[in-house]
1. Among the residues of segment 281-311, which ones are crowded, with 20+ Cβ neighbours inside 10 Å and of a type in the set (F, W, Y)?
2. Given I47, I9, which one is in contact with a Phe, Trp or Tyr (Cβ under 6 Å, 6 or more places away or on another chain) and under 24 Å from A145 (Cα atoms)?
3. When you check F224 against the structure, is it in contact (Cβ under 8 Å) with a residue 24 or more places away in the chain, among the hydrophobic types (A, V, I, L, M, F, W, C) and more than 30 Å from S347 (Cα to Cα), yes or no?
4. Out of all the residues in segment 23-34, is one or more in contact (Cβ under 8 Å) with a residue 24 or more places away in the chain, surrounded by fewer than 23 Cβ atoms within 10 Å (Cβ to Cβ), at negative phi and not in a helix (DSSP H, G or I)?
5. Can you report the number of residues in segment 312-351 which are under 21 Å from V27 (Cβ atoms) and surrounded by 24 or more Cβ atoms within 10 Å (Cβ to Cβ)?
6. Can you name the residue in segment 42-78 that is assigned to a helix (DSSP H, G or I) and without any contact (Cβ under 8 Å) to a residue 12 or more places away in the chain and, of all such residues, is nearest to F186 (Cα to Cα)?
7. Has segment 43-65 got at least one residue that is of a type in the set (G, A, S), farther than 30 Å from K203 by Cβ and out of contact with any Gly (no Cβ under 8 Å at 6 or more places or on another chain)?
8. I'm checking my understanding of the structure. Among residues of segment 78-117 that are among the polar types (S, T, N, Q) and within 30 Å of D325 (Cα to Cα), which one is surrounded by the most Cβ atoms within 10 Å (Cβ to Cβ)?
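The values are calculated or read from the model by the stated rules, or taken from the named source; none is laboratory data. Just so it is clear, the model here is predicted, and its values are computed rather than measured. All Cβ positions, glycine included, derive from the backbone under ideal geometry; neighbour counts span all protein chains shown.
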Amino acid sequence: MKRNLLEAIATLVGTTIGAGILGLPYVIQKAGFLTGLIVIFVIGIAILFTNLAMGEIALRTPGNHQITGYASIYHGRAGKLIATFVMIFGIYGALTAYLIGEGKTLSHLFGGNEFLFSLLFFAIASLIVLFGINSVKKSELILSAISVALVLLIIILSFSSVEIKNINHFEINSLLIPFGAVFFAFLAIPSIPEMKEELIKNKALLKKAIIIGSLIPFIVYIFFSLVIIGVTGNNTTEIATIGLNSIINNKFLFYMASIFPIFAMSTAFLTLALALKEMYVYDFGLNKIFSWFLTCSVPLLLILLGVNDFIKIISIVGSIVAGIDGILVTSMWIKAKKEGKRKPEYSININKAMIFLIIVVFIFAIIKVLLDTLITI
């Protein structure tokens, strides 16, 4: 494979496989592993379509933009506002989830209070965001590659301990349980325009890069969930590797399974926080200190107010962000086919019935999380 193709694939894989993978086994085990497979398959198809549609939009539109820019071009001010809201909401939700997750993981590893560990992590991470360490951004691809390697290592080392009885359960009535968390784990739309830029000299490879880059997380998620659930069964924890450490007596695996969530969530926290801070600076014209305050104060305030449910947060964020982004990208794709200013290097063609079903999946994700929220009020 050409180097630039590999780099583009790595960008999508690295963006997709991150901290979101940690919550998958818990929600899938609650539904039943075989039930969860169906959800991963359905959402995987919807996400593959969305990624390809975003790629075609980028190819039909002159210049380089992010999803907010494309939304502005094809849906005007309203589109840009919706895309901006989704971005801000999604990042704040993810930052809050990672603060909670770091607290749980560090508490399990060292003992002590989860909340205090969350505050300790916040203090360190927020200082890094304040001073905007450039090396975090520059090494994002390398750090993502290490995260993927750690996941594969955990899968390989744990596979022999899988028990079939833990993964042969199917419950049709539980199909809705994993929806939001699975969507959260697949979120990677912002990486598609970046892939187009990486393939600037050979844009015809974008379709291949998107397909391969979308299928790799799909396969990794299945095997990671299979291994964690197969080993831990009913003892599967919200942060998947915590439960794994409690059952398998292997020191090397213990350290790998402890390092991965700390590494994945801290990398994701810094990357997202720096991106949000820069958006406030560049797009809203705010000064760096106030932008830092806006970025870091919201997740801190939420955990101070008692928000501490890792799974609930990623489920809400996954459903709303994926649902709105999916509908927005689909509508932009339809419009770009008519109004795009250049001929794309590839074009996807699916019938109206399939488009309708995909939109239904995204609408359903939003409705489900709204109903779940109303029920808990």
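1. W292, F310
2. Result of the check over I47, I9: I47.
3. yes
4. Within segment 23-34 (the criterion being in contact (Cβ under 8 Å) with a residue 24 or more places away in the chain, surrounded by fewer than 23 Cβ atoms within 10 Å (Cβ to Cβ), at negative phi and not in a helix (DSSP H, G or I)), the answer is no, since none of the residues qualifies.
5. Within segment 312-351, residues that are under 21 Å from V27 (Cβ atoms) and surrounded by 24 or more Cβ atoms within 10 Å (Cβ to Cβ) number 11.
6. Here the answer is G69.
7. There is no residue in segment 43-65 that is of a type in the set (G, A, S), farther than 30 Å from K203 by Cβ and out of contact with any Gly (no Cβ under 8 Å at 6 or more places or on another chain).
8. Out of the qualifying residues, it is T96.
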